[in-house]
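**Student:** Dumping the structure here so I can ask a few things about it.
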Amino acid sequence: MSDNTPKIDEISGTETTGHEWDGIEELNTPMPRWWLWVFYASILFAIAYAIAMPSIPLVNSYYKGLLGASDRKQVAQEVELMGGQKYELFNQLNGETLEGIEAKPELFRFAMAAGKSAFGDNCATCHGSGGQGFKGYPNLNDDVWLWGGTFEDIRQTLTVGIRSAHDDTRFNIMMAYGREGFLTNPQIDDLTQYVLNLSGQEAEQQAVLRAGTVFQTNCSSCHGVAGTGDQSQGAPNLTDNEWLYGGDAADIRATIYNGRQGVMPNWNERLSPEIISALAIYVHSLGGGVATPQDTNTEDAP
Ligand code: HEC
Ligand code: HEC
């Protein structure tokens, strides 16, 4: 095509670029006006930004920008802040007892705030944003504990983890009694009824009777003769009808048949002892732990 008069596409009425492939022609549609304005605006912004902020490398230095912004300056400011009151409160958490922290309302409030924020960053993925837990991930809001719910217990759990890589990890095994052939299927069926009965749920009484000896022989060393559990071994109370892995017959049977081995990471390598203390304060308060300074006065009037 050699003539220079612009060609108009018949259907759309738009000018074409004059390019044609096997009868297919290219329309010459201009950019939408809004797009062009955004494009020009970003060019202007880039120029203004380069003038205002550190941008151009020079031989021995760099262009520092009209605003003199600098990450280093910001860090210096933050360090200065830390040097102040916050930093002192932070340091006070190290090695402090629950009573020591609760005795200083300002320190307690600081620990709660720091603990809550660290919980959102590190724990909520597994325990839920409010610590409500999921199947296999304990609810931290109730007063039901596997490994103990005192401030010291919680701090220890966080430090060494549960079945974790730490040398002193909290550790105990709920074996796969069925899969590994320690008990027969009928024995496991009976035990399922036995555990249902322990937790106050409806159960087949003949099966409960049959399972009595099996339970005492195989289960009581960890869960206790009465099935009330043992926090020093992380063995859940089976009588409270609160379940980590579910409390209907199918869940209980699956637990006994396949075993359970929940893993909680050790945090001593990732978090400082001060943050672990703050987390323990926060989790302790969630679990309806002992009184906090705000709610010591909950007794009803006579
Ligand atoms: C990768 C998942 C995961 C993360 C992340 C995690 N946990 Fe856990 N946590 C678990 C599991 C699973 C258990 C239960 C272990 C068991 O079965 O004994 C547990 C147990 C606990 C317990 C013991 C509860 C009891 O009843 O004794 C506490 C306390 C706890 N977690 C607090 C935390 C805190 C605080 C954080 C954040 C620093 C955290 N967890 C992060 C998975 C996790
Ligand atoms: C060596 C100690 C030990 C013995 C023996 C043992 N358990 Fe466990 N059991 C545990 C531990 C520890 C857990 C928690 C596992 C976890 O947190 O991942 C558990 C969990 C359970 C649970 C789940 C509770 C829940 O909240 O979901 C049931 C049910 C249970 N055991 C029943 C039994 C029965 C029945 C026997 C006997 C056949 C038995 N256990 C023997 C240690 C033991």
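The values are calculated or read from the model by the stated rules, or taken from the named source; none is laboratory data. Please read all numbers here as calculations on a predicted model, not as lab measurements. Note that each Cβ is placed from the backbone with ideal geometry, even for glycine, and that neighbours are counted across all protein chains shown. Side chains included, ligands, DNA and RNA excluded: accessible areas come from the protein's heavy atoms. Shrake-Rupley method; radii C 1.70, N 1.55, O 1.52, S 1.80 Å.
**Student:** Give 55, 70 a once-over and let me know the one that is modelled with pLDDT of 80 or more and of a type in the set (S, T, N, Q).
**Tutor:** 55
**Student:** Do we find a residue being charged (D, E, K, R) and exposed (fewer than 10 other Cβ atoms within 10 Å of the Cβ) anywhere in the stretch 11-21?
**Tutor:** No, the conditions are met nowhere in the stretch 11-21.
**Student:** I'm trying to understand the selection: among the residues of the stretch 127-157, which are more than 22 Å from residue 224 (Cβ to Cβ), within 15 Å of ligand 2 (Cβ to nearest atom) and surrounded by 15 or more Cβ atoms within 10 Å (Cβ to Cβ)?
**Tutor:** Matches in the stretch 127-157: 127, 133, 137, 140.
**Student:** Working only within the stretch 164-195, note down all residues that are aliphatic (A, V, I, L, M) and more than 16 Å from ligand 1 (Cβ to nearest atom).
**Tutor:** Initially, the stretch 164-195 is screened for residues aliphatic (A, V, I, L, M), giving 165, 173-176, 183, 188, 191, 195.
Residues satisfying the conditions are 183, 188, 191, 195.
**Student:** Give 181, 212 a once-over and let me know the one that is part of a loop (DSSP other than H, G, I, E, B) and among the small types (Gly, Ala, Ser).
**Tutor:** When all the criteria are applied, what remains is 181.
**Student:** To continue, here is another question. Can you name the residue in the stretch 237-290 that is more than 10 Å from ligand 2 (Cβ to nearest atom), open to solvent by 20 Å² or more (accessible area, probe 1.4 Å) and of a type in the set (A, V, I, L, M) and, of all such residues, is nearest to residue 138 (Cα to Cα)?
**Tutor:** 286
**Student:** Filter the stretch 22-70 down to residues that are of a type in the set (Val, Ile, Thr) and within 25 Å of residue 6 (Cβ to Cβ) and give me whichever is surrounded by the fewest Cβ atoms within 10 Å (Cβ to Cβ).
**Tutor:** Only one residue tops the list, namely 24.
**Student:** Report yes if residue 227 is closer than 26 Å to residue 132 by Cβ, part of a loop (DSSP other than H, G, I, E, B) and more than 16 Å from ligand 1 (Cβ to nearest atom), otherwise no.
**Tutor:** Spelling it out, residue 227 is indeed closer than 26 Å to residue 132 by Cβ, part of a loop (DSSP other than H, G, I, E, B) and more than 16 Å from ligand 1 (Cβ to nearest atom).
**Student:** Let me ask you something else. Evaluate the stretch 195-207: report whether one residue or more is part of a helix (DSSP H, G or I) and away from ligand 2 (no atom under 13 Å from the Cβ). Break it down into steps so the answer makes sense when it comes.
**Tutor:** Initially, the stretch 195-207 is screened for residues part of a helix (DSSP H, G or I), giving 195-198, 205-207.
Okay, now just the ones that are also away from ligand 2 (no atom under 13 Å from the Cβ), so 205-206.
There is at least one residue in the stretch 195-207 that is part of a helix (DSSP H, G or I) and away from ligand 2 (no atom under 13 Å from the Cβ).
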